[in-house]
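Notes follow the structure.
Computed from the coordinates by the stated procedures, all read-outs in this text should not be read as laboratory data. This one's a predicted model, so the numbers in the text were calculated from it and none came from an experiment. Don't worry about glycine lacking a Cβ; one is built from the backbone with ideal geometry, like all the others, and counts go over all protein chains shown.
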Amino acid sequence: MSAVVAGVLFLVVSAAGFYAVSVDRDAAAREQEAAVEVDPLTASIEAAQQRLRNVPGDYATWAQLGTAYVEQARQTADPTYYGKADGALRESLTLRPEGNDAALTGLGALANARHDFSAAADLASQALAINDYSATAWGVLTDARTQLGDYPGATDALQRMLELQPGLASFTRASYDAELHGDLTGARSALEQALETARGNAAEAFCRTYLGALAFSVGDLEEAEAQYAAGLEALPRDAALLLGRARLLAARGEVAAAVETFQAVVDAQPLPEYLVEFGAYLESQGRTDDAEEQFALVGTVRQLFAASGATDDLSTALFLADHGDPAAAVAAAQAEFDRRQNIDAHDAMAWALHSAGRDAEALPHAQQATALGGANASFLYHRGVIEAAVGQVDQARATLARALDTNPYFSPLHAPRAEDLLASLGGRP
């Protein structure tokens, strides 16, 4: 998993009909429409809005509405919900300035979503000073500390969350914490516990997404396929599951199907990281013009997120490092590193510095990116390239071999380059 696991889930239930050709189509359509349950997130937002029209001074409902808007932004990839969330949560605090841990927790979740992790940690701490028994606030603090690189503090916060509320939100975080430290058995076990507690199609799909991603991260395509298939059976058009399937198809060399599935992903959720990944896949197939079309959209989408208060210099740095603007890549990586010093920021700084020819400076960052214990094939590849550039040939061979042993499908663009570089250095040690 490359991103912090989301906290509280608002579950979306979908249904699909299966009809024989002989069934009247109009009747089938009516039957299918009646079978579809109302989206609980939309329903909760509408209910809160109606409540506030009747009782505008209800600070608790304002906090609930703001938190729901944060989730709406995650589900739809529409950053305009951040502003709505901010307005609702601050209205709650205006109505109840003291003792309002729910609004503070919601603002912390919003700050995490906007990548303002220091603010998120501070807001979660304020909420916990009011209510030390809020599992949700402990989850927000776990996420913030993880992203800030305070891994011991994140584990401590997570343990408190697990004590208070063992369930989907805490077990998925436990899985990510274990994965970061290289405990893949523990990571899988925690996700399986999360799946056991899942209620509804969206919750199951969420767990299957990360079980599939965990399997894919170690090159287990068969297990990844099983998890993604089960998830898509529960939630057929889920973008995260479709992304997993696209990666799987790419790994298996099923080019046409991979392109079609990547296209479905970016059509559903045009997130910058999805557009970049699709573009990189097209680039790996020699379709440079098509790749550039995807890359051209990245800047526009990032501007929309920036206008809503969200920053993402991390992915910007990696993209620029891979696409020929080293100075800008270093500037973006430095901006991200100034905000947080976690393994992702170290990796981005290392790769940006490498693109600028500053490999001696890059190497300590690459070492830090791979020091926590997890096995991230992309981070290992970056480190191996940098080790080769500074003349540490034997170490580079070992690191590149480990990257490919961890996941030979980690990138359709960079995995072949890893193979070529390893061969040019003399092959596996």
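Across bins of 5 angstrom width beginning at 0, how are the C-alpha pair distances of the stretch 62-221 distributed, in whole percent?
Values per bin, smallest distances first: 2, 10, 16, 19, 21, 17, 9, 4, 1, 0, 0.
Could you tell me the convex hull volume per residue, in Å³, taken over the Cα atoms of the stretch 312-429?
Dividing the Cα hull volume of the stretch 312-429 by its residues yields 91 Å³.
Among D344, D325, which comes first, then next, by fewest other beta-carbon atoms within 10 Å?
If I rank by nearby Cβ atoms, fewest first, I get D325, D344.
Suppose the Debye formula is applied to equal point scatterers at every Cα of the stretch 86-161; what is log10 I(q)/I(0) at q = 0.13, 0.17, 0.19 Å⁻¹?
So the normalised log intensities are -0.32, -0.54, -0.67.
Using only Cα atoms, tell me the angle between helix 414-424 and the longest principal axis of the chain; keep it within 0 to 90° and round to the nearest 10.
For 414-424 against the chain, the angle is about 20 degrees.
Mind putting a number on the dipole of the stretch 203-330 about its Cα centre? Charges go on the C-beta only, +1 for Lys and Arg and -1 for Asp and Glu, and I need it in Debye to the nearest 20.
The dipole magnitude comes to about 180 debye.
Of all trypsin sites (Lys or Arg not before Pro) in the stretch 177-219, which ones are in loop regions per DSSP and have a Cβ with at most 15 other Cβ atoms within 10 Å?
R199
Counting alpha carbon pairs within less than 8 Å and at least 6 residues apart, what relative contact order, in whole percent, applies to the chain?
Once divided by the residue count of the chain, the mean separation gives 11 percent.
Quick check: the distance between the Cα centres of the stretch 237-288 and the stretch 377-412, to the nearest angstrom?
Measuring centre to centre over Cα atoms gives 24 Å.
Can you find, among L404, S355, Q341, the residue sitting farthest towards the positive end of the charge dipole of the stretch 312-429, where Lys and Arg contribute +1 and Asp and Glu -1 at Cβ?
Farthest towards the positive end: L404.
May I ask for the equivalent-ellipsoid semi-axes of the chain, computed as the square root of five times each C-alpha gyration tensor eigenvalue and listed largest first in whole Å?
Gyration-tensor ellipsoid for the chain: 36, 28, 20 Å.
Counting C-alpha atoms alone, how compact is the stretch 55-118: give Rg to one decimal and Dmax as a whole number, in angstrom.
My reading of the Cα-based Rg and Dmax gives 11.0, 34 Å.
In what sequence, highest mean first, do 285-293, 127-135, 58-66 appear when ranked by Cβ atoms within 10 angstrom?
58-66, 127-135, 285-293
What is the stretch 312-429's relative contact order, in percent, from Cα pairs under 8 angstrom and six or more apart in sequence?
17 percent
With θ set to phi - 60°, apply the Karplus curve 6.51 cos²θ - 1.76 cosθ + 1.60 along the stretch 334-346 and write out the HN-Hα couplings as whole Hz, x wherever there is a Gly or Pro.
5, 4, 5, 5, 5, 8, 7, 10, 9, 5, 5, 5, 4
Where nothing but the Cβ of Lys and Arg (+1) and of Asp and Glu (-1) is charged, how large is the charge dipole of the chain around its Cα centre, in debye to the nearest 20?
420 debye
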